Structure formats: structure tokens, C-alpha cells
Amino acid sequence: MLKNRIIPCLDVKNGRVVKGINFVDLKDAGDPVEQAKIYSDGGADEICFLDITASNENRDTIYDVVEKTSKKCFVPLTVGGGVRSVEDINKLLNCGADKVSINTAAVENSKVVLDSSKKFGSQCIVVAIDAKKNGDKWEVFTHGGRNNSGIDALEYAEQMEKKGAGELLVTSMDRDGTQVGYDIDLMSKISSKVNIPLIASGGVGNLDHLVDGIKLGKASAVLAASIFHYGKHSVKEAKDYLDSKGIPVRI
Amino acid sequence: MNVSIVDYKSGNISSVINSFKEVAKDKVTIEVTSDLNKIKSSDKVVLPGQGSFKSCVDALNKIKGLSDVLDEFAITNKKPLLGICVGLQMFADVGYEETETKGLGWISGKVSKINNQNGKYKLPHIGWNQINIVKDSKIFKDIENNSHMYFVHSYEFVPNDEKVISATTDYSSNIVCSVEKENIFGTQFHPEKSDRIGLKIIDNFINL
């Protein structure tokens, strides 16, 4: 039976982790490689890096991070943030990323999704959707949540599937950082609409939220940051809890 | 000993390279190459593959003489070869992804889309699934039955002769996920992304 995945996400800026595990015994709390290794040794099913480097001159730092991590971690590694072109994707894959997530570029030019999935295969193309509720629908935001594209998130999800996305990483902007749980309505509506796996993101505050994301939100995988970073829960605890609730996980 | 990972521009192979180098340490030389002479003279060959069946076959055929060299290596000289993901799928006679495409024809059978029961199951089949070991394969030495492996694929290899199947996995149907035919090995899952247990499979192959 296919297992639901738990994916810790690390925010990386200028090659350093800015939101990550806050363990006292960490040699270097800002080292993405060390943090990723802790997660993969702890049973994380995948690791996700979100590059939030703002300036162009420091953009290349992520390549070095990916290259070093992929030599130490032997679980899938997804990298996103600032991915603009097929060439960016190519570079990340060559450095050892297994999947690349595309956000703004996919909204602005869906051909990037089409071309990259043709060139590298759908299995490594994740389309990240940042969605915010507006009335009875959700709209897709770009540029790290700053710009409203006005595009309907459900229609967009369907369109991205057609363009060749292998997975969708759906973040509720209303919930992100609130720790009140995933936007279950958004997740389940998108998941029912498409035939590719959905990774739920944004809003996890406790382990029940992970259960809800899978059971109610129909997500194949759950992504979380804060609950793992600050030692609130380990990945193992999360898996044991999901298991106790009858959700299939890899233990 | 010398293991060649065939670099035929089949998409992303860095993870395969990293994992083999991690396992090999200094004991074994890992070559990443499309050089026909190097492949010929190596002790073992790894045939990775990502993307579609057609794109991999096309990429392989683009390198003049490569499929003949692989044929000679695996079929005539019977030296150990491991195919991973589409690398395994290419063992088949024919694949149906994008369009009907001729495979290497090493293990008789076809590669067709996983039956997702009219959308009841998501495709690609992505994530960790357990393998049911049905045959005592050399690459499964010290691998427990029902171990978790990482999968990502939408197409499956359906061999004509069930005796080549060494493991299956349960998804929308029972999917063949590992084969062994004499010196030819293949995994549909990605040992290079399957944590320590996956590295053990790579170690087993290297130590054959």
C-alpha cells in the first residue's frame, strides 16, 4: 500500500537556514545540510528546501546547498523558490535535486511547466500554488504571496495537470504561519479536481492537523515547517501519531 | 572493480551517481560515462532512466553504437547490469508511453500505463510503497520482505514470463517492481532515493 508522506520544509536564505530546527546540540544551526540530514535520519519521507534569497547575486548559493545535501541525504529532495526557467530547473537537477517546484514562473508562463515536464519528466516537476480565499473561491498569488493574479486556483490546478505537473504543492496563504490547520476545503476541492498527488501546506500547528490534511483534505503528502523546527514534534512522533489514527505511513 | 553508470542524457542522474559513490567509497570505481569502450570494459553497468519511455529510448539511440554495446555486455557476455526506473522498463520489447516505441527486448514484455481504475488512484504512483519479494533475488540479500522503497512512475513493466519477477508492489493493481533474469537486474523503484535500505540494494549489486 502506498504510504502518505511527511515532508519537512526548510527555508533557506543566502545558503543558510533561516527557519529551521532549533536544537541546542546543533553544531551549526544555519547549516541546511546538517538539518536536512537530521530530518532524513529521523524518517522524513522527503526534504523540501524553499529558497527565499531575495537578491540576485546570492541566487547561486542554493546550488551549493543542494549539491552538498544530495551527497548526504538519500531520500527525495525538492527545491523551490526563484525558479524561473527550464535552465534553472536543469541546474538544480544537475546539482542533485530530485524535484523542482515552480511557482510564479508557472503562472506567468505555463510553457515552463510544459517544456520542463517534457524535457525532464513529470516526476520532477512540482507546481506550487499559493492560494488565498476571496468570497467563495480561491485566487492564485505570485511573487511569494505579494501579487494577486486573480486566477481561480481550482481551474489553475487542472490546467497545470494538463501542462505536465507531476504533483501540486498547495499552500493556503490564509493559513500559512497561523498554526490553526490546513485549509481543508481548499485541499479537498483541488485534490478531487485533479488526478495527480497533492501536497498540503500552510497552517500546521499540531499533529491532528496532519491527520486532517490527509483524511479530510485528501492530500497524498503533508508539508510542515514550524512544528518540526522548534522541537515541538519529531518526524517520528508525527508518523507514530498518524499510524495510530489509521493513516498508512512508512515507519 | 569498475562500475559504469551510463550517461545517455536520460534526465537527472545525479542522485544515482551520489548514491553509488556513497556506497562504493574507495573500494570500487564509479564511472559516469557514455564512452563505448569504457562501458565495454567495465565489470558492471547501471542503466538509469527518467522521463518517458520514448524519450529514454530516443536518447539511448542517439549515441551511436550504445545499444549494441549494451546488448553485447548484458546478453552476449552476460555481465551484471542494473536498470533503474525507465532503465528497467527499457528491457521490454515495447513501450506505449507517448507512442509505441521499441525497447531493448532483453526481457520479453511490454510497458503500459498503470490502470488507475478510472481515476480512483492518483498517477504518478509517487511515494513510499512496500515491496513483496516473490523470488530470492541476489540484490535483495539482507533486505526484509515488505521493505519500503521510493517510487515515482505512471507506467509499469508487464513481463510475459512471470518467472523473471522478483518483487511486486500493491497500488491500484499488483505492479511488477523488480526483475531478475540471469545477469540482468531491474528495479522500478529508486534504490538511490530509498534511504539506507535502498543503499543496501546498491551495495548488493556492487558486491555481486
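Among B:S172, B:G119, B:N145, which residue has its Cα positioned farthest towards the positive end of the charge dipole of the range B:101-178, with +1 placed on the Cβ of Lys and Arg, -1 on the Cβ of Asp and Glu, and the dipole taken about the Cα centre? Going by the Cα projections, it comes out as B:G119. Restricting the calculation to alpha carbons of chain A gives Rg and Dmax of 16.7, 48 angstrom. In the range B:1-94, the convex hull through the Cα atoms has an average projected area of 5.5 nm², a quarter of its surface area. The alpha carbon radius of gyration of the range A:27-84, expressed as a multiple of 2.2 N^0.38 Å, is 1.12. Counting Cβ atoms of other protein chains within 10 Å of each Cβ in B:14-20 and taking the mean gives 5. If R0 is taken as 51 Å, the Cβ-Cβ distance between A:D208 and B:V28 corresponds to a FRET efficiency of 0.60. The 3J(HN,Hα) values that the Karplus relation (6.51, -1.76, 1.60; θ = phi - 60°) gives for the range A:9-16 are, in residue order, 10, 10, 8, 10, 10, 6, x, 10 Hz. Gly and Pro appear as x. The Cα trace of the range A:149-251 gives Rg and Dmax of 13.8, 41 Å, the first to one decimal, the second as a whole number. Annotation: amide H-H contacts under 5 Å for B:V94 (H modelled 1.01 Å from N, sequence separation of 5 or more, or interchain): B:G103, B:G109, B:V111. Determine the relative contact order of chain A: mean sequence separation of Cα pairs under 8 Å and six or more apart, normalised by residue count, in whole percent. Computed over chain A, the figure is 19 percent.
Compactness check for the range B:120-200: Cα Rg over 2.2 N^0.38 Å is 1.02. 3J(HN,Hα) along the range B:24-32, derived from phi through the Karplus expression 6.51 cos²θ - 1.76 cosθ + 1.60 where θ = phi - 60°, amounts to 5, 6, 9, 6, 10, 8, 9, 9, 10 Hz, with x in place of Gly and Pro. The GluC sites (Glu not before Pro) of the range B:43-109 that meet both conditions, a loop assignment by DSSP and at most 16 other Cβ atoms within 10 Å of the site Cβ, are B:E98, B:E100. Once the mean of 1/r is taken over each pair of separate Cα atoms and inverted, the range A:67-139 shows a Kirkwood hydrodynamic radius of 13.0 Å. Computed 3J(HN,Hα) for the range B:119-127, one whole-Hz value per residue from the Karplus formula 6.51 cos²θ - 1.76 cosθ + 1.60 where θ = phi - 60°, is x, 5, 10, 6, 10, x, 6, 10, x, glycine and proline marked x. Using 0.36 nm per residue and subtracting the Cα-Cα separation, the extra length available between A:R84 and A:N58 on full extension is 7.8 nm.
Students often check this: by mean Cβ neighbours within 10 Å, which of B:117-129, B:48-60, A:53-65 ranks highest, and how do the rest follow? Write down the numbers at each step before the final one.
On the way: B:117-129: 18.0, B:48-60: 22.7, A:53-65: 15.1.
Ranking the peptides B:117-129, B:48-60, A:53-65 by packing returns B:48-60, B:117-129, A:53-65.
Any chance you could tell me what percent of the C-alpha pair distances in the protein assembly as shown go past 33 Å? For the protein assembly as shown, the fraction of Cα-Cα distances above 33 Å is 32 percent. Round to the nearest 0.05 the FRET efficiency obtained for B:D136 and B:K38 when R0 = 45 Å and r is the Cβ-Cβ distance. Efficiency, from the Cβ-Cβ distance: 0.90. For chain A, DSSP calls about 25 percent of its internal beta bridges antiparallel.
Taking the helices alone, chain A has a mean residue ellipticity at 222 nm of -10000 deg cm²/dmol, built from -39,500 (n - 2.57) per DSSP H run of at least 4 residues and averaged over all its residues. The range B:135-208 and the range B:67-91 have Cα centres spaced 16 Å apart. All C-alpha to C-alpha distances of the range A:124-190, sorted into 10 Å bins beginning at zero, yield P(r) values of 21, 56, 22, 1 percent in whole numbers. Using the Cβ-Cβ distance between A:K137 and A:N109 with R0 set to 30 Å, the FRET efficiency works out to roughly 0.85. With the convex hull constructed from alpha-carbon coordinates only, chain B shows a mean projected area of 10.3 nm² over all directions. Using the Stokes-Einstein relation with a Kirkwood hydrodynamic radius computed over Cα pairs, the translational diffusion coefficient of the range B:50-143 at 10 °C and a viscosity of 1.306 mPa s comes to 104 µm²/s.
Every read-out reported here was derived from the displayed coordinates using simple, explicitly stated rules and does not represent laboratory data. Predicted model only: the values in this text are computed from it and were never measured. Ideal geometry is used to build each Cβ from the backbone, glycine not excepted, and the neighbour counts take in all protein chains shown.
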